[in-house]
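> Supplied in structure tokens, the structure appears directly below.
The values are calculated or read from the model by the stated rules, or taken from the named source; none is laboratory data. As the structure is a computational prediction, the values presented were derived from the model and not from experiment. Please note: Cβ atoms are built from the backbone with ideal geometry, for glycine as well, and neighbour counts cover all protein chains shown. Note: accessible area is taken over every heavy atom of the protein model, side chains too, but ligands, DNA and RNA are not part of it. Shrake-Rupley method; radii C 1.70, N 1.55, O 1.52, S 1.80 Å.
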Amino acid sequence: DLWAAVPGSERDARALGAKNSLAIVMRRQNELEGAKALFEAVVEGYEALEAPKTLAAKGNLSNVLGALGDLAGGRALKEEVVEAQTARLGPNHPSTLVTKYNLANVMMQQGDLPGARALFEEVLEARTQQLGPRHAETLDTKGNLGILLQTMAQAAEQNGARAEAAGLYRAATDMQEAKFGKDNGAVVYCKAKARELGA
């Protein structure tokens, strides 16, 4: 271990910053196990120092856990970060909203569609107010919410809930059209399904 040769590096803020940077590079290079080990060390070190960067490091670790397939572990860590950010920064701070957005994505991957929808809608409302309806982050949120609504619509349709499915397809169309445009395949599909089921 490169860092073991440096006495006290586990508690030195600069060394922890360097470890964090290296872990980010490793994550980008898909060296996930190595990135996980470094992020765990960074989180532990920042917690010992009570450093402000602890939450960001936990967010990075949660992303790696998710990439490794540990959605439950990644979700638990993201929920912890959201709670701390909400207490420290407020529920609509940009950093809190990024973590909530990422948490909603994990919830969607886990199949917690109602929970993910509520969180995406919360983020969308805040981003629309803060950034405007055409900002890239607002549109990203609309796009992911649209994908989620389409998934929910398909489930409702399979369960025979035609009216509910039609409403969800209409909502999915609105969200996805804002992000991807009216000629996007998913938008065209959702429009057609909303018409078909709403008849």
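> Exceeding 31 Å between C-alpha atoms, which entries from my cross-link table qualify? They are Lys100/Lys179; Lys58/Lys191; Lys36/Lys179; Lys36/Lys182; Lys78/Lys142. Show your work: numbers first, answer last.
Working: Lys100/Lys179 19 Å; Lys58/Lys191 40 Å; Lys36/Lys179 33 Å; Lys36/Lys182 41 Å; Lys78/Lys142 21 Å.
Pairs exceeding 31 Å: Lys58/Lys191; Lys36/Lys179; Lys36/Lys182.
> Further question: Give me the distance between the Cα centres of the range 141-164 and the range 54-84, rounded to whole Å.
With the range 141-164 and the range 54-84 each reduced to a Cα centre, they are spaced 27 Å.
> Moving on. For the residue pair Ala136 and Thr86, what label-to-label distance in nm results when each label sits 7 Å from Cα along the Cα-to-beta-carbon direction?
Roughly 2.8 nm, to one decimal.
> Here's another thing I want to ask about it. Between Ala67 and Thr128, what's the calculated FRET efficiency when r is the beta-carbon distance and R0 is 25 Å? Round to 0.05. Spell out each step's value before the answer.
Numbers: r = 29 Å, r/R0 = 1.17.
The computed FRET efficiency comes out at 0.30.
> Something else: So what does Val98 come to for accessible area, using a 1.4 Å probe and Å² rounded to 10?
For Val98, solvent-accessible area is about 60 Å².
> When only the heavy atoms of the protein chains count and the probe is 1.4 Å, how do Lys182, Lys58 rank by accessible area, highest first?
Details: Lys182 125, Lys58 20 Å².
Putting Lys182, Lys58 in descending order of accessible area: Lys182, Lys58.
> Can you put Ser21, Ser62 in order of accessible area, largest first, using a 1.4 Å probe?
Details: Ser21 65, Ser62 0 Å².
Sorted by accessible area, descending: Ser21, Ser62.
> Set the Förster radius R0 to 41 Å, insert the Cβ-Cβ distance between Ala13 and Asp112 as r into 1/(1 + (r/R0)^6), and round the FRET efficiency to 0.05.
On the way: r = 36 Å, r/R0 = 0.89.
E between Ala13 and Asp112, to the nearest 0.05, is 0.65.
> Tell me, what ³J(HN,Hα) does each residue in the range 17-27 have, in order and in whole Hz, if you take phi through Karplus 6.51 cos²θ - 1.76 cosθ + 1.60 with θ = phi - 60° and put x for Gly and Pro?
x, 5, 4, 4, 5, 5, 5, 4, 4, 4, 4
> Still on this model: Residue by residue, what Karplus-based ³J(HN,Hα) values in Hz, rounded to whole numbers, does the range 115-121 have, using 6.51, -1.76 and 1.60 with θ = phi - 60° and x for Gly and Pro?
Listing the rounded values in order: x, 5, 4, 4, 6, 4, 5 Hz.
> Go through the range 127-139 residue by residue and turn each phi into a ³J(HN,Hα) via Karplus (6.51, -1.76, 1.60, θ = phi - 60°); whole Hz please, and just put x for glycine and proline.
Per-residue couplings from phi come out as 5, 4, 5, 7, 10, x, x, 9, 5, 4, 5, 5, 5 Hz.
> Of the heavy-atom accessible surface of the range 120-161 (probe 1.4 angstrom), what whole percent is carbon and sulfur?
Numbers: 930 of 2020 Å².
Reported share for carbon and sulfur atoms: 46 percent.
> Right, another one. What dipole magnitude, in Debye to the nearest 20, does the chain give about its Cα centre under +1 on Lys/Arg Cβ and -1 on Asp/Glu Cβ? Please report the intermediate quantities before stating the final value.
On the way: 23 positive and 25 negative charges, 134 e Å.
My answer is approximately 640 debye.
> If you roll a 1.4 Å probe over the range 1-117 with all protein chains in place, what percent of the accessible area is carbon or sulfur? Before the final figure, lay out the partial values.
Numbers: 3270 of 6170 Å².
Within the range 1-117, the accessible surface is 53 percent carbon and sulfur.
> How large is the accessible surface per residue of the chain, computed with a 1.4 Å probe and reported in Å² as a whole number? Don't skip to the answer; put the middle values down first.
Details: 10330 Å² over 199 residues.
Accessible area per residue, the chain: 52 Å².
> Using protein chains only and a probe of 1.4 angstrom, how many square angstrom of Lys19 are accessible, to the nearest 10?
10 Å²
> Continuing with the same structure: Find which of Ala67, Val188, Phe120 sits farthest along the positive direction of the dipole of the range 40-199, computed with +1 on the beta-carbon of Lys and Arg, -1 on that of Asp and Glu, about the Cα centre.
Val188
> Only helical DSSP H runs with n ≥ 4 go in: add -39500 (n - 2.57) per run for the chain, normalise by residue count and round the 222 nm mean residue ellipticity to 500 deg cm²/dmol.
Details: 9 runs with 159 residues, N = 199.
Here the helix-only value at 222 nm equals -27000 deg cm²/dmol.
> Nearest 0.05, what FRET efficiency do Val98 and Gln154 give at R0 = 30 Å with Cβ-Cβ as r?
Numbers: r = 28 Å, r/R0 = 0.94.
Efficiency, rounded to the nearest 0.05: 0.60.
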